[in-house]
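Comments concern the structure below.
The values are calculated or read from the model by the stated rules, or taken from the named source; none is laboratory data. Since the structure is predicted, the reported quantities are computational estimates derived from the model, not experimental observations. Cβ: placed from backbone, ideal geometry, glycine included. Neighbour counts: every protein chain shown. In case anyone asks, the SASA skips ligands and DNA or RNA and just uses the protein heavy atoms, side chains included. Shrake-Rupley method; radii C 1.70, N 1.55, O 1.52, S 1.80 Å.
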Amino acid sequence: MSSNFFQKPENALKRSEELISVGQKSSALDVLEAVIKSKRHRQWTPILEDILKKFLSLCTESRQPRRAKEGLIQYRGIAQNASAGPDSILKVVTSFIGDGEKSVREAEDKAGLGADAVANLQDLEAEETPETMMISVLTGDLSDTGRADRDSYVQWLRFLWESYRTCLEVLKNNPKLEELYADTAKKTFAFCVNYKRKVEFRRLKDLLKTHLNVAQLSHMVQPTSEASLRLRVEVRAEQLNAATKLELWQLAFESAEELHNVISHPANRKAFKSKVMMSYYDKMSQVFWVSENYLFHACAMQRIFHLTERQLMREVNKGDLSRDKAQQQLQTLASQLLLGSISVPLPSQKQLEVDFDPEKDKQQRMATLVGHSTVPQRKAVLGDLVARNITSLVFPELAQLLQLLELDFDPLSLGDKVKPMLDFVEKTPGLEKYLHPLKKMVLIKLVQQLSQVYVTMRITDFARLASFMSLHDCEKFIVEAVAKNQAMVRLDHKSGTINLGDKGLESEGRRSQLTNLAKGLQGTLDLIHQDKQEARAQKAEAFKQLADSLEDERKMMTMRRQQIEERKEMVEREMHLKQMEDERRRRQEDEERRKAEEARKEEDKKRREEARAQQEREEKELAEKKRLKEQVEALKAEEKKGKKGAAAAPEAKVAVEDMDEDELKNMDKTELIKAKKEQEEKLKREAEERIQQQVQKLDHLERARRENERPLLAKVFDEQKEQDKVRWEVESQQFMTNHKIKYEEDMEVKKVLVRMVADKSEFETAVRKRREQEYERELVEHRERTKKEKERKKREREEREVREREERERREREEEEKREREEELKRQRAEERARQDAIAEKQRQKEAEIEAKLRGGGGGGDTGGGMGRGPPEGDRGGDRWGGAAGGDRPRG
């Protein structure tokens, strides 16, 4: 590539087109990439836009997203500071994405596949596995064209996904490209939805969130304008829609939080918010319904109903919609709101008081998303329905549902009354999803009402009352309700009964039952046994029974004493905990008093600073008043100087120049400014009057001059006209004469040149033939050079492989020799260590023998007798060096 490509980019573009025409697209891509990355072309020109379009087109054909990304980033750095740069980036990116989408459509039509064909593909960014590479190699001989077309289709999808990400990276955090950034994000969301790309959608959401966080931290793009906020709301709304369509409910909840944060921006207008709130609450209701969070689902449905009601009322007032049709549209929505509110689970009957509730923060976040400052309760949701009279708008079949479940008390006929309503809900489109939670709520209400009347009931009777659902479902729902402390029920299948209510001895209804029972029995006995003799006999019998049961009573008293001791210990623990709590509260109060004292000191300090600032402001204001006084005096002096002895004008209302400092301090600053402005306006009027007089005088002079020169100008004009007429006639005659002479000369030259036409054609043919021969010869030479170059590279590669193999063998031999030397050295060291150990062992044996002889000599007169009386050598456990003295003796 010659250097003129870098000096003139248009030459590089022409060269790339020539290379493309002969099929060398890779070389053309290298030529264009060199121009884009060249440091000589850092100034934007229109030719660079054409070069980048051609470069991106070649990258699309060869499926090279990384080179396309590098080229776009380079071009953004060049064009973003130019006046026409953002428009150029917009055109380039639009063309790039359009080419990618077109290629995907063509690959899809060629493969004859749809979006469902790649739904099972886990990740578009994943590298090829060995299995897929082997399959592609085995099927690469055109024996399986379907698989090849599918692989090509997947590759184009991967390229399109990379193209979308690249464009979002290039367009981020640029106020002039926000609209294109939003459109690209919407197209990417549509791509994820159409091809069911859940992994890519998760990455796209993280990418957009990262861009937004970077923009907020770096203050590059502040959402102050309505257009910026509108685009951000549209992008987040589209993100929420895509998440719900892909059924990614956790991501949908996070997207809803992001959308809520953008909508809550102070710069958003209320009218603008209402355009997206309907869709927002609709998606939130779906998210909460899937997560079985029926409370916030009902809150979202409330918002949807109110927005729809206001919108329909506006249409009715405008005359675009009749009132009957509006009521019909509200009927289904009001029924959904009623069923959703009734389906909200009942609160637990035993609330556990804990210091920290991990669910509280989560519920507060969800409440904020549906427009509540605090966590709503089921009672408040149902109260809102009654207050707004929404029950009058529902279907007639459901009008009494709220009355039956929440207000009436009729457990024996509740199931029969509710069953037709449940059948209606099951058959009505749009309401059938509420059937399951509604049945559960009716069952819980039935159990609660029965527990207030009955203690025990046969399961068959209960199944008859709950005929709206099967007995198996009833048992399952009852177990769930008991687990959530929504009802106190026990199922006894052994006796075939259902026990209603709390049967614990510590329950509210059982605390005084034993005492009341004893009193009642005693009173009954007194009434029956009037005879004292019988009473004494009974008392004697009672004493006898008491003596018989004395041991049991003693045991009961002992147990009672233990219970009392346990309760005392519990009370002591509670007292200790109370003291600790009081101590903690006392420390907390001390800390609060300390903080209050610090706040008071801070307030005093702030007050002193405000007083000092007030004094500084007063001094500054006094200085400003003095400056205004000096300006007024200067203006009056200028006025007197301009009049030069003329009659003095009346004084202003405020004699500023005669005031001292105290009067000036008490005077309002606005009066000084007013006096200054009046003086300035007065000087301005006088200057304007002088200028007006000068203008009038100049106008009179100019008018007199023009009246005097008018006849002279008419005379000069007539003379000039006569002279121009004579000159035109002479020049016209001269032009016609010269033109005729020139025509005759040109005709003579034509006659001479006509004879050379045949020679010219022969010469042109000869030159063309010679150049074609030269081109063929150079083409053959080029192919020969290319072939030799390939052979040379192949030969060099083979030689390099031979050298590498010899070097590898040499290293292996050296390592083997080194390993052998090390083994030999280890063997020699082991032999030397064994020899030293043998010598040490012999030395220990000699010393042991000498020691044994010495011991034997000290015990008797002769050496032999002493050795005979000493202990046998093998009986000693060892010598002082740790060796076994008799270790070499054979065993008996």
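Relative to the present Cα-Cα distance, how much length would full extension add between GLU807 and HIS576 at 0.36 nm per residue of separation?
Length gained between GLU807 and HIS576: 74.8 nm.
Starting from the Cα of LYS110, draw a straight line to each of the lysines and keep only those under 29 Å, dropping any in the same chain fewer than 8 residues away.
LYS25, LYS53, LYS54, LYS69, LYS91, LYS102, LYS186, LYS187, LYS196, LYS198, LYS245
Might you report the magnitude of the Cβ-based charge dipole of the range 1-85 about its Cα centre, with Lys and Arg at +1 and Asp and Glu at -1, to the nearest 20 debye? Could you put the intermediate results ahead of the total?
Numbers: 15 positive and 9 negative charges, 60 e Å.
The dipole of the range 1-85 has a size of about 280 debye.
Quick one: ranking ILE97, ILE20 by accessible area, 1.4 Å probe, largest first, what do you get? Don't jump to the answer; show the numbers that get you there.
Details: ILE97 5, ILE20 45 Å².
Largest accessible area first, the residues go ILE20, ILE97.
Using a simple spin-label model with points 7 Å from Cα along the Cα→Cβ vector, what separation in nm is obtained for LYS626 and GLU359?
Reported label-point gap for LYS626 and GLU359 is 7.3 nm.
Let me spell out the model: positive unit charges on the Cβ of Lys and Arg, negative unit charges on the Cβ of Asp and Glu, origin at the Cα centre of the range 225-344. What dipole size does that give, in debye rounded to 20?
Details: 15 positive and 13 negative charges, 106 e Å.
Around 520 debye, computed over the range 225-344.
For the range 679-788, which trypsin sites (Lys or Arg not before Pro) are in a loop by DSSP, counting at most 11 other Cβ atoms within 10 Å? Let's see the in-between values first.
Values: sites: LYS682, LYS684, ARG685, ARG690, LYS697, ARG703, ARG705, ARG706, LYS715, LYS721, LYS725, ARG727, LYS740, LYS742, LYS750, LYS751, ARG755, LYS760, ARG768, LYS769, ARG770, ARG771, ARG777, ARG783, ARG785, LYS787, LYS788; in loops: ARG755.
Taking the range 679-788 and a limit of 11 other Cβ atoms within 10 Å, the loop trypsin sites (Lys or Arg not before Pro) found are ARG755.
Counting only protein heavy atoms, what percent of the accessible surface of the range 58-111 is carbon or sulfur at a 1.4 Å probe?
Details: 1150 of 2690 Å².
The C+S portion of the solvent-accessible surface of the range 58-111 is 43 percent.
Going by Cα centres, the range 298-327 and the range 670-701 are how many Å apart?
65 Å
Roughly what percent of Cα-Cα pairs across the range 8-63 reach past 16 Å? Walk me through the intermediate numbers first.
Details: 513 of 1540 pairs.
Looking at the range 8-63, the distances longer than 16 Å represent 33 percent of pairs.
Enumerate the whole-percent occupancy of each 10 Å bin, from 0 to the last occupied one, for all C-alpha pair distances of the range 727-825.
Going from the shortest bin to the longest, the percentages are 11, 13, 12, 11, 10, 9, 8, 7, 6, 5, 4, 3, 1.
Using DSSP to define loop residues, name the GluC sites (Glu not before Pro) in the range 271-338 whose beta-carbon has at most 14 other beta-carbon atoms within 10 Å. Don't skip to the answer; put the middle values down first.
On the way: sites: GLU292, GLU309, GLU315; in loops: GLU292.
Those that pass, being in a loop and sparsely packed, are GLU292.
Only loop residues by DSSP count here, and only those with at most 10 other Cβ atoms within 10 Å; note down the chymotrypsin sites (Phe, Trp or Tyr not before Pro) in the range 1-101 that meet that. Numbers along the way, then the final one.
On the way: sites: PHE5, PHE6, TRP44, PHE55, TYR75, PHE96; in loops: TRP44.
The qualifying sites: there are none.
For VAL290, what accessible surface area do you get with a 1.4 Å probe? Give it in Å², rounded to 10.
That residue has around 70 Å² of solvent-accessible surface.
Suppose the chain between LEU307 and GLN43 were pulled fully straight at 0.36 nm per residue; how much longer would it get relative to their current alpha carbon spacing?
89.7 nm
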